[in-house]
Amino acid sequence: MGKVYVVTSGKGGVGKTTTTANLGVGLAKNGYSVVLMDADIGLRNLDVILGLENRIVYNSMDVMEGTCRLKQALIKDKRYDKLFLLPASQTNDKMDVSEDMMKKLVAELKEKFDYVLIDCPAGIEQGFKNAIAGADEALIITTPEISSIRDADRVIGLLSANEMGDIKLIINRVKMKLVNEGNMLHMDDIVDILGLDVIGIVPDDEEIVISTNKGEPVTIKALTQSGKAYMNIVGRIIGKDIPFLNIDEKRSFASKFKNFFSR
Ligand code: ADP
Ligand code: MG
């Protein structure tokens, strides 16, 4: 039986889809079978980030409605034999899906893959409820901004109320220069606020934008800082003990921040 992670945040535009694609590639590179499920019904874009948009024939809605078999809707990645995408419907509405429908589909995926990663839509409405319904564990994405942290906090509360298993934090789009200058919240402070373990910190990196436009997640080459950061998260997911990057900056900033906010 595979493990099911939902990648969620509350706030939109913080890197859920980017993270789902990159972790999927990284897990596949480590030899695991992976399916990435786009749960953003009506607003899919995981297919584009993976460069698989031209291959879509069926989607998860077709599977849930019984129009096609699961096998017909799964799209095999061009680069990795064990990486698959299950696209979302572009024409349906999230209200067309129920939590039970999702649970059934995810249970089927779990039997076939080592890892199932669910890319959650923004918000905390039905789309969110559907996306978390079949998940065993959650990865919360936040940027070091108050609005994003607050939304993450809300989501963590909802996940706990839904008896979600392990919940881990990924801090995305960190700008080390700003952190060092005392102008961006530091990881330790975000951890203090949210009370979760961090599984990774991803720098703000223009390579992400370039790679997104090319449909080639940065973990394919993993040469950039963001690519390495995502591969480190993959390592931690599969149980390796990997130290965090930028440990020195972390220490130098922690003291600065405390003075800054006098606590
Ligand atoms: P979400 O799925 O949470 O809405 P996306 O993954 O679509 O967010 O990312 C939103 C935007 O932010 C995209 O344009 C993406 O390229 C950009 N982005 C995400 N992570 C990073 C990063 N670490 N560095 C730079 N840009 C990023
Ligand atoms: Mg998204």
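The values are calculated or read from the model by the stated rules, or taken from the named source; none is laboratory data. As the structure is a computational prediction, the values presented were derived from the model and not from experiment. Glycine also receives a Cβ, built like all others from the backbone with ideal geometry; neighbour counts cover every protein chain displayed. Heavy atoms of the whole protein, side chains included, go into the accessibility calculation; ligands, DNA and RNA do not. Shrake-Rupley method; radii C 1.70, N 1.55, O 1.52, S 1.80 Å.
Within the stretch 173-190, the only residue that satisfies the criterion of being free of Cβ contacts under 8 Å to residues at least 40 places away in the same chain, open to solvent by 60 Å² or more (accessible area, probe 1.4 Å) and within 13 Å of ligand 1 (Cβ to nearest atom) is LYS175. Out of all the residues in the stretch 191-216, which are more than 9 Å from ligand 1 (Cβ to nearest atom), under 24 Å from ASP166 (Cβ atoms) and open to solvent by less than 80 Å² (accessible area, probe 1.4 Å)? Across the stretch 191-216, the qualifying residues are VAL191, LEU194, GLY195, LEU196, VAL198, ILE199, GLY200, ILE201. When each of GLY215, GLY200 is tested for being within 16 Å of ligand 2 (Cβ to nearest atom) and among the small types (Gly, Ala, Ser), the lone residue that passes is GLY215. The conditions are (1) surrounded by fewer than 19 Cβ atoms within 10 Å (Cβ to Cβ); (2) among the acidic types (Asp, Glu); (3) part of a helix (DSSP H, G or I), and ASP151 fails exactly one of them. Which is it? Exception for ASP151: condition (1).
For the stretch 210-245, a residue qualifies if it is outside any loop (DSSP other than H, G, I, E, B), within 15 Å of ASN172 (Cα to Cα), of a type in the set (Val, Ile, Thr) and over 16 Å from the mean Cα position of the chain (by Cα), but none of them does. In summary, MET1 fulfils each of the numbered conditions (1) open to solvent by 10 Å² or more (accessible area, probe 1.4 Å); (2) touching a strand residue (DSSP E or B) at 6+ places or on another chain (Cβ under 8 Å); (3) more than 12 Å from ligand 2 (Cβ to nearest atom) with the single exception of condition (2). Of the residues that make up the stretch 59-71, is at least one over 30 Å from GLY182 (Cβ atoms) and within 19 Å of the chain's Cα centre (by Cα)? Scanning the stretch 59-71 turns up at least one residue that is over 30 Å from GLY182 (Cβ atoms) and within 19 Å of the chain's Cα centre (by Cα).
Residues satisfying the criterion are present in the stretch 57-76 (criterion: outside any loop (DSSP other than H, G, I, E, B) and under 23 Å from VAL234 (Cβ atoms)).
The set of residues in the stretch 26-52 being within 14 Å of ligand 1 (Cβ to nearest atom) and in a helix (DSSP H, G or I) consists of LEU46, ASP47, VAL48, ILE49.
Within the span defined as the stretch 114-134, one or more residues are closer than 25 Å to ILE238 by Cα, modelled with pLDDT of 95 or more, open to solvent by 20 Å² or more (accessible area, probe 1.4 Å) and not in a strand (DSSP E or B). Exactly one condition in (1) closer than 24 Å to ILE220 by Cα; (2) within 16 Å of ligand 1 (Cβ to nearest atom) is not met by LYS94; state its number. So the condition that LYS94 fails would be (1). Scanning the stretch 86-130 for residues being within 16 Å of ligand 2 (Cβ to nearest atom), closer than 17 Å to ALA73 by Cβ and in contact with an Asp or Glu (Cβ under 9 Å, 6 or more places away or on another chain) gives a total of 7.
Results for (1) of a type outside the set (A, V, I, L, M); (2) surrounded by 15 or more Cβ atoms within 10 Å (Cβ to Cβ), shown as yes or no for each residue.
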position	(1), (2)
VAL14	no, yes
THR17	yes, yes
GLY51	yes, yes
LEU83	no, yes
ASP100	yes, no
LYS110	yes, yes
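With respect to (1) in contact with a helix residue (DSSP H, G or I) (Cβ under 7 Å, 6 or more places away or on another chain); (2) at pLDDT below 95; (3) under 19 Å from ILE124 (Cβ atoms); (4) within 16 Å of ligand 1 (Cβ to nearest atom), the lone exception for ILE170 is condition (2).
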